[in-house]
1. Calculated FRET efficiency, N85 and V20, Cβ-Cβ r, R0 22 Å, to nearest 0.05?
2. Within 10 Å of each residue's Cβ, count the other Cβ atoms and sort D64, D25 from fewest upward.
3. First select every other residue whose beta carbon is under 12 angstrom from the beta carbon of S65; then total the charges, Lys and Arg +1, Asp and Glu -1.
4. Using mean Cβ contacts within 10 Å as the protection proxy, how do 72-78, 48-54, 30-36 order, highest first?
5. How large is Rg over Rh for the chain, taking Rg from the Cα atoms and Rh as the Kirkwood inverse mean of 1/r across Cα pairs?
6. Under a point-charge model restricted to the Cβ atoms of Lys and Arg (+1) and Asp and Glu (-1), what is the dipole moment magnitude of the stretch 9-98 relative to its Cα centre, in debye to the nearest 20?
7. Once you list every other residue whose beta carbon is under 13 Å from the beta carbon of S46, what net charge do they have if Lys and Arg are +1 and Asp and Glu are -1?
8. For the residues L61, L13, L79, what sequence is obtained by ranking on other C-beta atoms within 10 Å, fewest first?
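Values quoted throughout were computed directly from the atomic coordinates according to the rules given, and no laboratory measurement underlies them. Every value quoted in this text rests on a predicted model; they were computed, and no experiment measured them. Virtual Cβ from ideal backbone geometry, glycine too; neighbours counted across all protein chains shown.
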Amino acid sequence: MSKKKPREINQLLSHPTGDVQVLMDQLEKIKAINTCLQKQISPPLSNHCRAVNIRKNALVLAVDSPVWANKLRFQLTELLTFFRNNGFIGLTNIEIIVQPK
């Protein structure tokens, strides 16, 4: 059984393939969602909320306290509609998690 030769991280990131490419694509999608999210919700909530993942057509948003999670829950329907109308058609749900800073 032959082992693959290790590659430098710079080479992996500058010419991604396979699993690395999938991760890079996912990162770009999350970055785009974060940009849209920050435009859609206003401060101070926008300062405490960020997109962290997409799992099985569900957008995962992280806030830094339960108080911000509660405030965000009031906007979930509008946010889901907003994202669907702005190119993220496959989203079916938004999940909120608390991740203290």
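1. 0.10
2. D25, D64
3. The answer is +1.
4. 48-54, 30-36, 72-78
5. We get a ratio of 1.10 for the chain.
6. Charge dipole of the stretch 9-98: 200 debye, to the nearest 20.
7. Net of charged neighbours comes to +2.
8. The order, fewest Cβ neighbours first, is L13, L79, L61.
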